[in-house]
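**Student:** Provided herewith is a single structure, encoded as structure tokens, for subsequent inquiry.
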Amino acid sequence: MNNLLNNSILSVDLKRVRRNVATVLEELEGAQLIPVLKDNAYGLGLETIGRVMEEFPQITTLAVAQVGEGAALRQAGITREILVLGGVPTHLLRGAVELDLTLAVGRLELLPVLALLGRSVGRRVKIQIKIETGLNRTGVEPGAELAKLLEEWRGVRSDVQVMGAFSHFADLGDEGRTQQQYQLFLEGVEQLEAGGMELPLRHISASAAHEQFPQYRLDAVRIGRRLYMDHPTKPTGRVSETATWRTWITNLRTLQAGAPLGYGGKVVLERDATVATIAVGYGDGLSEGLVQVHGPVLVGGERARLMACCMDQTLVDVTGIPCRVGDPVTLFGWDEQGNLLASQEVALLVGDDEGCGLTSQLSPRVARIYSH
């Protein structure tokens, strides 16, 4: 860490990550775990987390959102199947095929294009069928659309390799709608299989669905957030927080009641206070919404309040907390005394029910470091 020249670090405990993976594998009771590593593995570091996942022989497929993420994993030496979950811009399809990525087929007229690309590079293109069940983002609807897709597939079946079919729940808070989506997915799967397509893998659940509706796990479950943290409001206690974001105090001053803080003086001290300046701001990924609600940080083992932020620096009320310039400040995660300020708790303060939303926001200038 002495060689780092960054104002803050995101420290990722890989031992905890591995323990969480083992726990999830146990929970799945034989269903496959598909780790979702999109958005730089939710900000924790795509390549490093990918290598950790490849340590587990039970994990045969990784999932990403974009072709560039799959390319980064291939460049890092990852050889497992890599499923690109999202729609792919047309000009990136050739690169995806050359990298041997598995592509989601979520619209008509894509299969013939992939078949041509596969023939041009000399390989069968791996695909999974995305079935539309109600999220209305990408996917082929059961019924007439899937029938057309089957016609397209029959014309190119020797050029593509079907690896599975999947869908995604839209609103787990609506149990009836969730049940309907599940049944519609099964109808789509049945239609594909009746049309002659073999589906080695069927999956619809992600982390939250796995926790709330384990009966929908089918052959595999896509797990992202649960690899790194527990449920935000109904924690199981079986997985643990894995990441800590920490910076340092760069200035301290005592200010009187009525003193304005930050640009525009929008925050005014209601009482005399000791105010610390810390070395991160919204340019590092600190949530401005969190600052506006004066969310907590840990200083000297105690909770202090965020007050105002700029792009690169933030002001914190540390009144009554013994501290000095150079002391560490934990924005979420574990402090040096072992106290936990859970990212899930922090995220809920700004209406985000996933702490991984906070880690995903962190910019490249936040150094990622790893402990084993």
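**Student:** With runs of 4+ DSSP H residues as the only contributors, calculate the mean residue ellipticity of the chain at 222 nm using -39,500 (n - 2.57) per run, divided by the residue total and rounded to the nearest 500.
**Tutor:** Result for the chain: -8500 deg cm²/dmol, rounded to the nearest 500.
**Student:** Compute the long axis of helix 144-156 from its Cα atoms, compare it with the longest principal axis of the Cα atoms of the chain, and write down the angle in degrees, 0 to 90, nearest 10.
**Tutor:** Value to nearest ten degrees: 70.
**Student:** Give me a comma-separated list of calculated 3J(HN,Hα) values for the stretch 207-222, in order, Karplus coefficients 6.51, -1.76, 1.60 applied at θ = phi - 60°, integers in Hz, x for any Gly or Pro.
**Tutor:** Here the 3J(HN,Hα) series is 3, 5, 5, 4, 6, 8, 10, x, 5, 9, 6, 6, 7, 7, 9, 8 Hz.
**Student:** Could you work out which residue, out of Gly68, Gly188, Gly50, moves most in a Gaussian network model of the chain, that is, has the largest mean-square fluctuation with Cα springs under 10 Å?
**Tutor:** Among Gly68, Gly188, Gly50, the largest GNM mean-square fluctuation belongs to Gly68.
**Student:** Another question, if that's okay. Taking the Cα centre of the chain as origin, work out the dipole magnitude from +1 charges on Lys and Arg Cβ and -1 charges on Asp and Glu Cβ, in debye rounded to 20.
**Tutor:** Result for the chain is approximately 800 debye, rounded to the nearest 20.
**Student:** State the answer as a single residue: which of Gly43, Thr133, Trp153 lies farthest towards the positive end of the charge dipole of the stretch 14-227, with beta carbon charges of +1 for Lys and Arg and -1 for Asp and Glu, about the Cα centre.
**Tutor:** So the residue we want is Gly43.
**Student:** Could you give the angle, 0 to 90 degrees to the nearest 10, between helix 14-27's Cα long axis and the longest principal axis of the Cα atoms of the chain?
**Tutor:** 40 degrees
**Student:** Right, another one. With θ set to phi - 60°, apply the Karplus curve 6.51 cos²θ - 1.76 cosθ + 1.60 along the stretch 91-106 and write out the HN-Hα couplings as whole Hz, x wherever there is a Gly or Pro.
**Tutor:** So the J values, rounded to whole Hz, are 6, 9, 5, 4, x, 4, 5, 4, 7, 6, 8, 8, 9, 7, 9, x.
**Student:** Whose amide H sits under 5 Å from the amide H of Val140, counting only residues 5 or more places off or on another chain, with H placed in the peptide plane?
**Tutor:** Here the answer is Lys130, Ile131, Glu132, since their amide H atoms fall under 5 Å of that of Val140.
**Student:** Given a Förster distance of 45 angstrom, what is the FRET efficiency for Glu151 paired with Leu99, based on the Cβ-Cβ distance and rounded to 0.05?
**Tutor:** With R0 = 45 Å, the Cβ-Cβ based efficiency is 0.95.
**Student:** Hey, could you grab the Kirkwood Rh for the chain? Inverse mean 1/r over distinct alpha carbon pairs, Å, one decimal.
**Tutor:** 22.5 Å
**Student:** Taking the dipole about the Cα centre of the chain, with the C-beta of Lys and Arg at +1 and of Asp and Glu at -1, give me whichever of Leu110, Leu286, Leu252 is farthest to the positive side.
**Tutor:** It is Leu252.
**Student:** Where in the chain is the longest stretch that carries no GluC sites (Glu not before Pro) classed as loop by DSSP and with at most 10 other Cβ atoms within 10 Å?
**Tutor:** Result, exposed sites excluded: 271-372.
**Student:** Can you give me the C-alpha center-to-center distance between the stretch 47-106 and the stretch 300-335, rounded to a whole angstrom?
**Tutor:** 39 Å
**Student:** Kindly work out what percent of the DSSP beta bridges joining two residues of the chain are antiparallel, to the nearest 5.
**Tutor:** If I count the DSSP bridges inside the chain, around 55 percent turn out antiparallel.
**Student:** Quick check on the stretch 243-341: take the gyration tensor over C-alpha atoms, sort the square-rooted eigenvalues as a ≥ b ≥ c, and tell me if it's rounded (a/c under 1.5), prolate or oblate.
**Tutor:** Verdict is oblate for the stretch 243-341.
**Student:** Of Ala308, Ala144, Ala208, which is the most mobile in a GNM of the chain whose springs link Cα atoms less than 10 angstrom apart?
**Tutor:** Ala144
**Student:** Which whole-number percent of Cα pairs in the stretch 268-308 have a distance greater than 12 Å?
**Tutor:** 65 percent
**Student:** While we're on this one: Would you work out the relative contact order for the stretch 14-227, in percent, from Cα pairs under 8 angstrom that are 6 or more residues apart?
**Tutor:** Relative contact order comes out at 19 percent.
**Student:** Under a Cβ-only charge scheme (Lys and Arg +1, Asp and Glu -1), can you give me the dipole magnitude of the stretch 200-288 about the Cα centre, in debye to the nearest 20?
**Tutor:** 300 debye
**Student:** Relative to the longest principal axis of the C-alpha atoms of the chain, give the angle of the C-alpha long axis of helix 175-194, reported between 0 and 90° and rounded to the nearest 10°.
**Tutor:** Here the helix axis deviates by roughly 30 degrees.
**Student:** Additional query: How high is the relative contact order of the chain, in percent, with contacts defined as C-alpha pairs under 8 Å that are six or more residues apart?
**Tutor:** For the chain, the relative contact order is 19 percent.
**Student:** A further question on this structure: I need the shape label for the stretch 14-227. Rule: rounded when a/c is under 1.5, else prolate if a/b > b/c, else oblate, with a, b, c from the alpha carbon gyration tensor.
**Tutor:** oblate
**Student:** Here's a follow-up. Between Asp312 and Leu349, what is 0.36 nm times their sequence separation minus the Cα-Cα distance? Round to one decimal in nm.
**Tutor:** Taking Asp312 through Leu349 to full extension adds about 11.1 nm, to one decimal.
**Student:** In a Gaussian network model over the chain where Cα atoms closer than 10 Å are linked, find which of Lys15, Lys266, Lys130 has the largest mean-square fluctuation.
**Tutor:** Lys266
**Student:** While we're on this one: Calculate the FRET efficiency for Ala144 and Asp171 from the Cβ-Cβ distance with a Förster distance of 25 Å, rounded to the nearest 0.05.
**Tutor:** Result of the calculation: an efficiency of 0.50.
**Student:** Can you run phi through the Karplus equation (6.51, -1.76, 1.60; θ = phi - 60°) for the stretch 59-76 and list ³J(HN,Hα) in whole Hz, with x for Gly and Pro?
**Tutor:** Per-residue couplings from phi come out as 8, 10, 9, 10, 10, 9, 9, 9, 4, x, 5, x, 4, 4, 5, 4, 5, 7 Hz.
**Student:** If R0 is 25 Å, what FRET efficiency do you get for Thr60 and Gln215 from their C-beta distance, rounded to 0.05?
**Tutor:** 0.60
The numbers here are math on the coordinates, done by the rules we state, and not lab data. Worth saying up front: this structure is predicted, and the values here are computed from it rather than measured. Neighbour counts are summed over all protein chains in view; Cβ atoms, including those assigned to glycine, are modelled from backbone coordinates with ideal geometry.
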